[in-house]
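Engineer: Take a look at this one; I'll ask things after.
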Amino acid sequence: MRIPLSSPDITDAEIDAVVGVLRTTALSLGPRLTELETAFAAFVGTREAVAVSSGTAGLHLAVRACGIGEGDEVVTTPLSFVASANALLYERARPVFVDIEPGSLNIDPARIEGAITPRTRAILVVHLFGRPAAMPEILAIADRHGLPVIEDACEALGATVGGKRVGALGLAGVFGFYPNKTMTMGEGGLITTDDPALAELCRSLRNHGRDAGGVAHARLGFNYRLSDIACALGLAQLRRLPEMLARREALARAYHARLSGHPDLVVPAVDLPDARTGWFAYVVRLGARYGAADRDRIVDAMLRRGIGCQRYFSPLHLHPHIREVVGDREGEFPVTEAAAARTIALPFFNRLREAEIDEVCATLVELLSAQ
Ligand SMILES: *Cc1c(COP(=O)(O)O)cnc(C)c1O
């Protein structure tokens, strides 16, 4: 793609950090792991952070460490990347979907209580596209019902609610570091929590179930370790994170200045009351008079012109392997289905230039008027 959808931002600092680890023998479970966990916990504002091999691995361990298992229900959003539901399916738990708010595209707190049953074990919140979910309302509901909240913050690094960072609001938060994310380690994930016992359990589960001494296998575990090579990359990225977050916010505002007010587009809010978006992606929606076929034609035309864009995301309840678990729910989450049919994620990465934003927006507006 001439203008890609996303692109990692790697400088000499990251390259030197990685090479530095390669000159040692501590390639895994070494000093960079502890350093990264300490620095990341400090950034998010939690007591603990546990590094794992991916965001999905982090979600899986958070679910497992909460004791969620076969037949348990977890209230969650149907508009997300597939991993947030898969983490429940790995443990044979059942995702109970609740429709989204049309503005934020996040789980609608007004619908959560109606979905809670005696089998509900947790609420799994996703902060979609970096926009924080309605955490004060969701935490109040969770409190009333004695339920833990797991935050899938994989798309929301740096987002805040009431001055606190996402990932520090629920019992556990999970972040992902695939190359399209706000910050990358090539692959990787981090679980954040204020609960030291939960963190210890996750550290055991990521390393074959070993106990803290690293000798005995105390439980069934996994190999979800993150190498020190990746941790060094993460540390270098974390040092640049404030600068990267500021850059991404500036890019979102540049898009907003060009696209807000267009009668056929719904654009994400850039200013939120008492919260801040951690800009992972810039996703617009076509107006109600457009359908999925129009959206797909526009996406294909943009791609043909060398502009990277994506349909983010198809509703989870429509994926065949999830349908097998939750049954045929097509039509039950109309806000989600209507939004998912009209989304277009536009190119969004730190080195995106103003002239490229001009071109992306002009092309989109031109294609809209041709529909
Ligand atoms: C990226 C992402 C994940 C985790 O992805 P990995 O590729 O496993 O790191 C989980 N949930 C959401 C919402 C994501 O966007």
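The values are calculated or read from the model by the stated rules, or taken from the named source; none is laboratory data. Everything numeric in this text was worked out from a predicted model, so none of it was measured. Quick reminder, even Gly has a Cβ in these numbers, built from the backbone with ideal geometry, and neighbours come from all protein chains shown.
Engineer: Considering only residues that are on the phi > 0 side of the Ramachandran plot and modelled with pLDDT of 95 or more, which ones fall in region 190-232?
Structural biologist: His208, Gly209, listed by residue number.
Engineer: Now for a separate question. Would you pick out the residues in region 169-180 that are assigned to a loop (DSSP other than H, G, I, E, B) and surrounded by 22 or more Cβ atoms within 10 Å (Cβ to Cβ)? Write out each step before concluding.
Structural biologist: First, pick out the residues of region 169-180 that are assigned to a loop (DSSP other than H, G, I, E, B): 169-171, 177-180.
Passing the criteria: Leu169, Gly170, Phe177.
Engineer: If you don't mind, there's one more thing I want to ask. Would you tally the residues in region 137-168 being away from the ligand (no atom under 13 Å from the Cβ), closer than 18 Å to Val74 by Cα, among the hydrophobic types (A, V, I, L, M, F, W, C) and outside any helix (DSSP H, G or I)?
Structural biologist: Here the count works out to 2.
Engineer: I've got another one for you. In region 11-26, is there at least one residue being under 25 Å from Leu352 (Cα atoms) and assigned to a loop (DSSP other than H, G, I, E, B)?
Structural biologist: Looking through region 11-26, at least one residue is under 25 Å from Leu352 (Cα atoms) and assigned to a loop (DSSP other than H, G, I, E, B).
Engineer: Does Val125 qualify as being within 14 Å of the ligand (Cβ to nearest atom), farther than 25 Å from Pro347 by Cβ and under 18 Å from the mean Cα position of the chain (by Cα)?
Structural biologist: On the way: within 14 Å of the ligand (Cβ to nearest atom): yes; farther than 25 Å from Pro347 by Cβ: yes; under 18 Å from the mean Cα position of the chain (by Cα): yes.
Considered against the rule, which asks whether it is within 14 Å of the ligand (Cβ to nearest atom), farther than 25 Å from Pro347 by Cβ and under 18 Å from the mean Cα position of the chain (by Cα), Val125 comes out as yes.
Engineer: Related question: Could you please find all residues in region 181-197 being part of a loop (DSSP other than H, G, I, E, B) and over 19 Å from Leu139 (Cα atoms)?
Structural biologist: Lys181, Thr182, Met183, Thr184, Met185, Gly186, Glu187, Gly188
Engineer: Evaluate the following for Arg32: is it in contact (Cβ under 8 Å) with a residue 60 or more places away in the chain and more than 16 Å from the ligand (Cβ to nearest atom)? Steps first, answer last, please.
Structural biologist: Numbers: in contact (Cβ under 8 Å) with a residue 60 or more places away in the chain: yes; more than 16 Å from the ligand (Cβ to nearest atom): yes.
Yes, satisfied.
Engineer: Let me ask another. Looking at (1) surrounded by fewer than 24 Cβ atoms within 10 Å (Cβ to Cβ); (2) more than 21 Å from Val270 (Cα to Cα); (3) at pLDDT 95 or above; (4) over 12 Å from the mean Cα position of the chain (by Cα), which is the only condition Val161 fails?
Structural biologist: Unmet condition: (2).
Engineer: Follow-up question, since we're still on this one. Among the residues of region 252-299 satisfying the criterion of being in contact with a Leu (Cβ under 6 Å, 6 or more places away or on another chain) and not in a loop (DSSP other than H, G, I, E, B), which is farthest from Phe175 (Cα to Cα)?
Structural biologist: Applying the filter and picking the extreme gives Ile298.
Engineer: State all residues of region 69-81 that are more than 8 Å from the ligand (Cβ to nearest atom) and surrounded by fewer than 23 Cβ atoms within 10 Å (Cβ to Cβ); if no residue qualifies, say none.
Structural biologist: Answer for region 69-81, where residues must be more than 8 Å from the ligand (Cβ to nearest atom) and surrounded by fewer than 23 Cβ atoms within 10 Å (Cβ to Cβ): Gly69, Glu70, Gly71, Asp72, Glu73.
Engineer: Test each condition in (1) part of a loop (DSSP other than H, G, I, E, B); (2) farther than 29 Å from Val96 by Cα for Met302 and report the one that comes out false.
Structural biologist: Failing condition for Met302: (1).
Engineer: Please indicate, with yes or no, whether at least one residue in region 337-354 is outside any loop (DSSP other than H, G, I, E, B), among the charged types (D, E, K, R) and in contact (Cβ under 8 Å) with a residue 60 or more places away in the chain.
Structural biologist: yes
Engineer: Just to be sure I understand, how many residues within region 311-325 are touching a strand residue (DSSP E or B) at 6+ places or on another chain (Cβ under 7 Å) and farther than 16 Å from Ala83 by Cβ?
Structural biologist: The number of residues fulfilling the criteria is 1.
Engineer: Additional query: Out of all the residues in region 213-228, is one or more touching a Pro at 6+ places or on another chain (Cβ under 8 Å), farther than 21 Å from His127 by Cα and surrounded by 17 or more Cβ atoms within 10 Å (Cβ to Cβ)?
Structural biologist: yes
Engineer: Considering only residues that are near the ligand (Cβ under 10 Å from one of its atoms) and more than 14 Å from the chain's Cα centre (by Cα), which ones fall in region 169-186?
Structural biologist: Met185
Engineer: Restricting the first residue to region 163-179 and requiring it to be under 10 Å from Leu59 (Cβ atoms), which pairs with a second residue that is of a type in the set (D, E, K, R) and away from the ligand (no atom under 12 Å from the Cβ) meet a Cβ separation below 8 Å and a spacing of at least six or different chains?
Structural biologist: Filtered contacts from region 163-179: Ala172/Asp195.
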